[in-house]
Amino acid sequence: MSDHLNISDFLSPVNLHELSNDEGYKDGQLGKIIAVYDEEFPDLDEAQLVIVGCGEQRGSGLIHGQSEAPDLIRRQFYNLYYWHQDIKIADVGNIKAGSLFTDSYAALKTVVQELITDGKTVIILGGSHDLTLPQYYAYSEFRRTIEASSVDAKIDLNLDSPFKHENFLMEMLTGEPNFLRHYNHIAFQSYFVHPKMLETLDKLRFDCYRVGSVKESIDEMEPVIRNSNLFSFDISAIANAFAPASKTSPNGLNGEEACVLLRYAGMSPNVNTVGIYGYDPKQDKEEMTAKQISHMLWYLLDGRSRGRREATLDERDSFNEYHMAFAEVDTIFLQSKKTGRWWMQLPDKKYIACSYKDYLLASSNEIPERWLRAQERS
């Protein structure tokens, strides 16, 4: 595809020698396997996952433009061992910083758009969390609405803040034209969020999940993420002990829970952009946060590898089928024999991702909340 030449104009290569401290990589390490834009632009035909770095952080008020974050994450990630032979990965380097942060936005949007048009899943290593905006705008060309999920301790709707990373959600949720069919906010910490803000999001029919309930039953997040196209993760959602560069809260997700959410994003057949944001290397200790993020990326691969083994819904032999009636409604639940995941049918005959808990509720003649919310939105 000739467009690769066009997107390479926006990108600067990665220096593999520097990243490996001139040691190179051993057989079996990811650094040996990933097709990297080092000297020349890689051939992307085979790649299913494409990494792009964007160190832009001026939207968070940090004036020293580019963050080293993407390269520090790469340094840790490339050292990990490659287990998922069925997943081919490329790394197209870093977005060149524009003279304004909005120029970096435009470049990131263009690159992501080209890659998803080409059927790739794009992994964005950020900069600040407001880069979720260009990640979202990359979908605008398709004229189709999308579902987005964001994992963040705070809800970035602070209109009093001069900083984009504290209020970019406003533009995403209310901007015109709008391509957002549904928004999920995962792992917010209540004491950082004005109660009225939650009411507003609820009125808009968006779903917000408190960090406590996420930790209590993390598997309930799998269908939420499975239904999404865009997945954005602010490392502020991780407790400081597991990500020392995250100065937001001593509480939050632990390292393993963050990895599980990324595995769910990998397993989803719909998620095709994943952004990991908010890592400021200057705040890190012994690159522990970079290591944490590299493990999250490894679990994204793990999820993608598992998800590829899933049957399509019309291959009925691969599913257990349960016919149900609850509250005067006839519906069908499907459970995959391959991955154990669940789907339920809405009155318009479409299937949406759901959980075992939804099936249990329906079988005791209760209407699952997920079913109601989906109905309200359809």
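Data table
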read-out	value
Every residue from the range 83-105 that is among the β-branched types (Val, Ile, Thr) and crowded, with 22+ Cβ neighbours inside 10 Å	89, 92, 95
Yes/no for residue 164 being over 19 Å from residue 353 (Cα atoms), surrounded by fewer than 20 Cβ atoms within 10 Å (Cβ to Cβ) and charged (D, E, K, R)	no
Criterion violated by residue 37 - all others in (1) closer than 15 Å to residue 301 by Cα; (2) open to solvent by 20 Å² or more (accessible area, probe 1.4 Å); (3) among the hydroxyl-bearing types (Ser, Thr, Tyr) satisfied	(1)
Members of the range 228-243 found to be open to solvent by 10 Å² or more (accessible area, probe 1.4 Å) and either assigned to a loop (DSSP other than H, G, I, E, B) or out of contact with any Gly (no Cβ under 6 Å at 6 or more places or on another chain) (or both), listed by number	229, 240, 241, 242
From the options 115, 80, 108, residue that is touching a residue at least 12 places away in the same chain (Cβ under 8 Å), crowded, with 20+ Cβ neighbours inside 10 Å and farther than 14 Å from residue 49 by Cα	108
Residue 181 vs. criteria open to solvent by 10 Å² or more (accessible area, probe 1.4 Å), basic (Lys, Arg), within 29 Å of residue 355 (Cβ to Cβ) and at pLDDT 90 or above	yes
Which numbered condition residue 240 fails, given (1) over 20 Å from residue 344 (Cβ atoms); (2) at pLDDT below 95; (3) polar (S, T, N, Q)	(2)
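Per-residue answers, yes or no, for (1) of a type in the set (A, V, I, L, M, F, W, C); (2) at pLDDT below 95:
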residue: 66; (1), (2): no, yes
residue: 74; (1), (2): no, no
residue: 80; (1), (2): yes, no
residue: 87; (1), (2): yes, no
residue: 90; (1), (2): yes, no
residue: 93; (1), (2): no, no
residue: 96; (1), (2): no, yes
residue: 99; (1), (2): no, yes
residue: 105; (1), (2): no, yes
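The values are calculated or read from the model by the stated rules, or taken from the named source; none is laboratory data. The shown structure was predicted, so the numbers you read here are calculated from the model rather than taken from an experiment. Glycine also receives a Cβ, built like all others from the backbone with ideal geometry; neighbour counts cover every protein chain displayed. Calculation scope for accessible area: heavy atoms of the full protein, side chains included, ligands and nucleic acids excluded. Shrake-Rupley method; radii C 1.70, N 1.55, O 1.52, S 1.80 Å.
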